[in-house]
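The values are calculated or read from the model by the stated rules, or taken from the named source; none is laboratory data. In this text, all values refer to a predicted model and were calculated from it rather than measured experimentally. Neighbour counts run over all protein chains shown; Cβ positions are idealised from the backbone, glycine included.
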Amino acid sequence: MTDCVISVVSSVEQNVVSSRRPLRSLRLSVRPALCPALASALFAAGLASCSKPVPILGNVKAVSAGAQHTCVLMADGAVRCWGSNSHGQVGARGTAESPLPAQVEEIADASVVSAGQLHTCAVLAGGKVKCWGANAFGQLGNGERPDSAVPVYVKGIEDAVQVTAGWSHTCAVRSGGGIKCWGLNASAQLGTSPSESKEKCAGSTGEMPCSRVPVDVEGVEANSVSAGGDYNCALLKDSTAACWGSNTHSQLGITAKKEPDQCDSGGFLHGCSAAPHAVEKAEAVSAVAAGGYHSCVLGGDSGVKCWGPNHMGQLSTGRQKGSAKPVEAHGLSGVVSISAGLMHNCAVIRDGTVRCWGSNNAGQLGATTGRTAHAGAYSDEKRSTLPFAVKGLANVVSVSCGAEHTCAVFTNGTAACWGGNQHGKLGDGTTKNSIAPVFVRAPPQR
């Protein structure tokens, strides 16, 4: 008799996620001759495979889902990342993708981690910030040009309490509430007019305004900031919200017909705002979340309001009409935290469950919506204009939305991801998409 380890997926794994007991690999003792037959039957049914066990990653404190990679903050202050490493954003030397978590070098005392499009940043004990990955637009903040798989210090920041990575820029909140940003500034996402940028960075459409070192965002005292695609929203100390940067899809919450500023992104003239703009009807705010082109806030009543485009149901109104002013997200109550991805959002509910809405083209809502979008650019993508409960999830403490995937951390220190799995960004050791949450696995012991 020998052990044949059953690597469970689908409903069986979901039941394990819901359990309050410690998570362990499921084992079934069978005769060696019977193992292939059993494995074949289970595998054909999409339930399991017969293989050696890959342990589940434990001691996870927080997770951040980027565009094509994901990172977690460990309880001991280390950071592990996985997925695409095209520019060193996973923190591993070379450019090979990593379908299992890899420990980031020279990070041992982090308190916050944020995964952007092609780069990652972390706040260290004492308030310094390190970043790694792509640096074409200065998003690493070290004053240099080359990409770096090894974390580098951001210049001029010694007292950061939070950091957030966008597409090609980064922002940090300092201990006194001030905000500094660095990287691409073609849409005024650094809080300064592009015409005032002293540097130019080469992009695919020509040179664009940028700053390779942090610059101050004037006129805000914030508790936190969230970087979207090419804009930001901040939770201010008076519990209101303010946004700045690109306003191509009304993501800043500006209701006036005339845009505050005009920005030129490689020949594309569009509305923007270099000065943080107060979001109307965003009061008693406890959290902000900036997505690709839309924004959401969590209110003191545990309700959610969103604004911006709604073609994929990002605003959770049951319709597809966008809004420049915050509108109440339907079907939600008792929300304790929110996260916005490229075109979807998720919320953690007080009972430890998760609800998601918006684009579901890769299964990032954790459910099969069975609905297709209107004819046009997204006619072949699935979406939901109202929240879906992610089946099998319980005891969730936080959630993070990426471009086409979502990840959650549980009370027992494990993590699970679902949705698109290009480059192995779900962290389960495969590159297969999964509507059902799959555990993030631990890398093999060396």
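Before moving on, here are some points about what is shown:
- Selection of first residues in segment 389-416 that are over 22 Å from residue 331 (Cβ atoms) and of second residues that are of a type in the set (Asp, Glu) and surrounded by fewer than 24 Cβ atoms within 10 Å (Cβ to Cβ), restricted to Cβ pairs under 7 Å at least 6 apart or on distinct chains, gives an empty result.
- Filter result for residue 92 (hydrophobic (A, V, I, L, M, F, W, C), farther than 18 Å from residue 414 by Cβ and surrounded by 24 or more Cβ atoms within 10 Å (Cβ to Cβ)): no
- Answer residue from segment 277-307, given it is modelled with pLDDT of 95 or more and polar (S, T, N, Q) and is nearest to residue 252 (Cα to Cα) among those: 295
- The residue that is nearest to residue 303 (Cα to Cα), counting only those in segment 228-260 that are charged (D, E, K, R) and touching a Gly at 6+ places or on another chain (Cβ under 7 Å), is 237.
- Of the residues making up segment 385-415, those that are over 23 Å from residue 117 (Cβ atoms) and touching a strand residue (DSSP E or B) at 6+ places or on another chain (Cβ under 9 Å) number 17.
- Top-ranked residue in segment 321-341 [being touching a residue at least 40 places away in the same chain (Cβ under 8 Å) and assigned to a strand (DSSP E or B); ranked as nearest to residue 407 (Cα to Cα)]: 339
- Pick from segment 414-426, criterion within 13 Å of the chain's Cα centre (by Cα) and in a strand (DSSP E or B), ranking: surrounded by the most Cβ atoms within 10 Å (Cβ to Cβ): 419
- Filter result for residue 351 (modelled with pLDDT of 95 or more and farther than 29 Å from residue 169 by Cα): yes
- One residue alone among 175, 187, 246 is in contact with a His (Cβ under 8 Å, 6 or more places away or on another chain) and either without any contact (Cβ under 8 Å) to a residue 60 or more places away in the chain or within 23 Å of residue 283 (Cβ to Cβ) (or both), and that residue is 246.
- Residue count for segment 393-413 satisfying the condition of being over 14 Å from the mean Cα position of the chain (by Cα) and buried (at least 21 other Cβ atoms within 10 Å of the Cβ): 3.
- Within segment 430-446, the set of residues being surrounded by 21 or more Cβ atoms within 10 Å (Cβ to Cβ) and more than 22 Å from residue 346 (Cα to Cα) comprises 441 only.
- Residue in segment 427-434 that is modelled with pLDDT of 95 or more, in a strand (DSSP E or B) and within 22 Å of residue 60 (Cα to Cα) present: yes
- The listed residue being modelled with pLDDT under 95 and under 20 Å from residue 442 (Cβ atoms), out of 92, 102: 92
- Those strands (runs of 3 or more DSSP E) of segment 121-216 in which 1 or more residues are crowded, with 23+ Cβ neighbours inside 10 Å and at positive phi occupy 129-133, 179-184.
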